[in-house]
1. Which number gives the lysine pairs in the chain that have C-alpha atoms under 26 Å apart and are eight or more places apart or on different chains?
2. What is the diffusion coefficient of segment 8-80 in µm²/s, taking the Kirkwood radius over Cα pairs and the Stokes-Einstein relation at 20 °C with a viscosity of 1.002 mPa s?
3. I want to check the label-to-label distance for Asn12 and Ser59. Put each point 7 Å from Cα in the C-beta direction and report it in nm to one decimal.
4. May I ask you to give the solvent-accessible area per residue for the chain, in square angstrom, as obtained with a 1.4 angstrom probe?
5. How tilted is helix 54-68 with respect to the longest principal axis of the chain? Cα atoms for both, answer in degrees (0 to 90, nearest 10).
Amino acid sequence: YQKNAQLGTWVNTQREQYKSLMKYGRRSSMTENRIEKLEAIGGWVWIIFECGNCDIRLSELQQYKQEHGDCLVPYICPANPQLGAWCV
């Protein structure tokens, strides 16, 4: 989140802690109380890749492969920064 990088980092940490607890059953700093509070905000998404951009990025990836012959999109991709970040 460009306006507040610390907030973006914190949100990402919440998602990672949730995944660690719920998906892998690992110890986590995530609590049921925090899960409830985050979900109560409205619009909270635990898994960001389910937000609807997958079809767009897959199409962009197909185009990238046609142009470059591979799917090795660099993280810093000046032509399409969103695709570079998505492929990581």
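The values are calculated or read from the model by the stated rules, or taken from the named source; none is laboratory data. Predicted model, so just to flag it, every value in this text is computed and none were measured. A quick note on method: Cβ atoms are made from the backbone with ideal geometry, for glycine too, and the neighbour counts reach across all protein chains shown. Ligands, DNA and RNA are excluded from the accessible area calculation, which covers all protein heavy atoms including side chains. Shrake-Rupley method; radii C 1.70, N 1.55, O 1.52, S 1.80 Å.
1. Details: Lys3/Lys19; Lys3/Lys37; Lys19/Lys37; Lys23/Lys37.
Qualifying lysine pairs in the chain: 4.
2. Details: Rh = 14.8 Å.
Answer, rounded: 145 µm²/s.
3. In this crude label model, Asn12 to Ser59 measures out at 2.7 nm.
4. Details: 7010 Å² over 88 residues.
Per-residue value: 80 Å².
5. Orientation of helix 54-68: about 30 degrees from the principal axis.
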